[in-house]
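A quick write-up on the structure given underneath.
The values are calculated or read from the model by the stated rules, or taken from the named source; none is laboratory data. Only a predicted model underlies this, so the values are computations on that prediction, with no experimental measurement involved. With ideal geometry, Cβ positions are generated from the backbone for all residues, glycine too; neighbour counts draw on all protein chains shown. Remember, those area values only see protein heavy atoms, side chains included, never the ligands or the DNA or RNA. Shrake-Rupley method; radii C 1.70, N 1.55, O 1.52, S 1.80 Å.
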Amino acid sequence: RARAAVGRGVCAGAAGPPVAVVWRTGRDVRGSALDGTGARPLLRLPDERGVGATPSPDGRHVALSYDDRLLVSDLDAGGAVRDLGAVARDADVVRWAPDGRRIAVVADERLIVCEAGPERRGCRVWARGVSAETGASWSPDGTGVVVVRQVAGRRGGDEDLVVTTTDGATSRDLDRLRPRGSRFPYPYPPVWARPGPAWTVLDLRLKDGELAGILRSRVRAVRDGAARTLSSVSLAHTNALPFFVAAERPDGVLLGIRERYLRKGAAYDLRTIDPAGRFAPAGLVLGSFRQGMEDEDVDVHGVLADGRVAVTLRPPDTRRLALHLGTSGGGLGPVVRRGDEIAVATAFPGNPVGD
């Protein structure tokens, strides 16, 4: 049975084994092993709002944002819930560091990093002007985070978007994207892979402030200490957005989503890109959506140590997300779990990105 844990009305379940998958359905947050076994209740919420409940890398803790606070539930300590002390208004991003010692959230245009251990408390703002839409990705060693910031443009014009790494003390701007006339470069969420951060930029064409077309797609990455373009594809004569950086595989190859426009919708599959900028099929089709559907969702959450890819989809005419653990050439496989929100502890966490 659930019992009261802290204020704010969040209740916690009994202690139990680690979990690798966490999902929310209505007011209930549950967890299980990767294969879906051992499912059990973790938390009971006062209402059905999204909380971004996310398991730690070792599966012994769950972080969530509720009532403008960052909370952690300690699953092997009777499910006790701790308030980390961060004011996290409108938090859309909750990310564990790979070592499980800290948690990053993007809230109210700020990157906030909190100490996660029970013996230490403290949260600090690491960056301001951060776009929640473009996420946050930890470095593999857990010392830094890559985000996209909005900064003032030249001469009071439109804001520039800057891909930035920070460790809370120092920051480094990797790529500054400046609007020029009707052209607006837009970065998708960066992923901090082992060789360095990587991200996709779409060069958009605007007319009267509205999207009028996509001119080009560029895959950018830090290699040998500097940002460079791995691939640049003109989209004037193609029906596909070739590569949105999504994750890194165990062999170090970048994995991304390709979106192809169909007559009555769009289809998605996974591709790889090598250091020379060449694309190749990854042997995993994600599915398709009909044109005009609302709330469609295609997200790659990361890659497991055995190479399986954690994917969530919201299929046509369904309200809830479905989690799959897909394999190259083997397809998506069965649905592991369904829920209003789903998060997975992956060995190679990307920066969930999709459509």
As an exercise: evaluate ARG183 against (1) surrounded by fewer than 19 Cβ atoms within 10 Å (Cβ to Cβ); (2) closer than 29 Å to VAL105 by Cβ and give the number of the one condition it does not meet.
(2)
Only residues that are crowded, with 17+ Cβ neighbours inside 10 Å, within 19 Å of the chain's Cα centre (by Cα) and farther than 19 Å from ARG102 by Cα: list them for the range 123-162, please.
GLY129, SER131, THR134, VAL148, ARG149, LEU161, VAL162
Residue under question is ARG290, and the condition is that it be among the basic types (Lys, Arg) and at pLDDT below 95; does it hold?
yes
Within the range 228-261, considering residues that are of a type outside the set (Gly, Ala, Ser) and assigned to a loop (DSSP other than H, G, I, E, B), the one nearest to the chain's Cα centre (by Cα):
ARG249
Of the residues THR229, THR238, which single one is surrounded by fewer than 19 Cβ atoms within 10 Å (Cβ to Cβ) and at pLDDT 95 or above?
THR229
Test set (1) among the aliphatic types (A, V, I, L, M); (2) under 22 Å from the mean Cα position of the chain (by Cα); (3) outside any loop (DSSP other than H, G, I, E, B); (4) more than 27 Å from ARG176 (Cβ to Cβ) - ALA305 fails condition number:
(3)
Residue list for the range 186-213, restricted to those being under 18 Å from ILE273 (Cβ atoms) and either open to solvent by 20 Å² or more (accessible area, probe 1.4 Å) or among the small types (Gly, Ala, Ser) (or both)
TYR188, TRP192, ALA193, ARG194, PRO195, GLY196, ALA198
If I ask for residues that are touching a strand residue (DSSP E or B) at 6+ places or on another chain (Cβ under 9 Å) and open to solvent by 10 Å² or more (accessible area, probe 1.4 Å), which ones from the range 54-65 would you list?
THR54, PRO57, ARG60, HIS61, SER65
Residue check, ASP99 outside any helix (DSSP H, G or I), open to solvent by 20 Å² or more (accessible area, probe 1.4 Å) and within 20 Å of HIS301 (Cα to Cα):
yes
Output the residues belonging to the range 198-238 that are charged (D, E, K, R) and touching a residue at least 40 places away in the same chain (Cβ under 8 Å).
ARG220, ARG223
Can you name every residue in the range 324-334 that is among the hydrophobic types (A, V, I, L, M, F, W, C) and at pLDDT below 95?
LEU332
For the range 68-90, does any single residue satisfy the condition of being touching a helix residue (DSSP H, G or I) at 6+ places or on another chain (Cβ under 8 Å) and either farther than 22 Å from HIS301 by Cα or in contact (Cβ under 8 Å) with a residue 24 or more places away in the chain (or both)?
yes
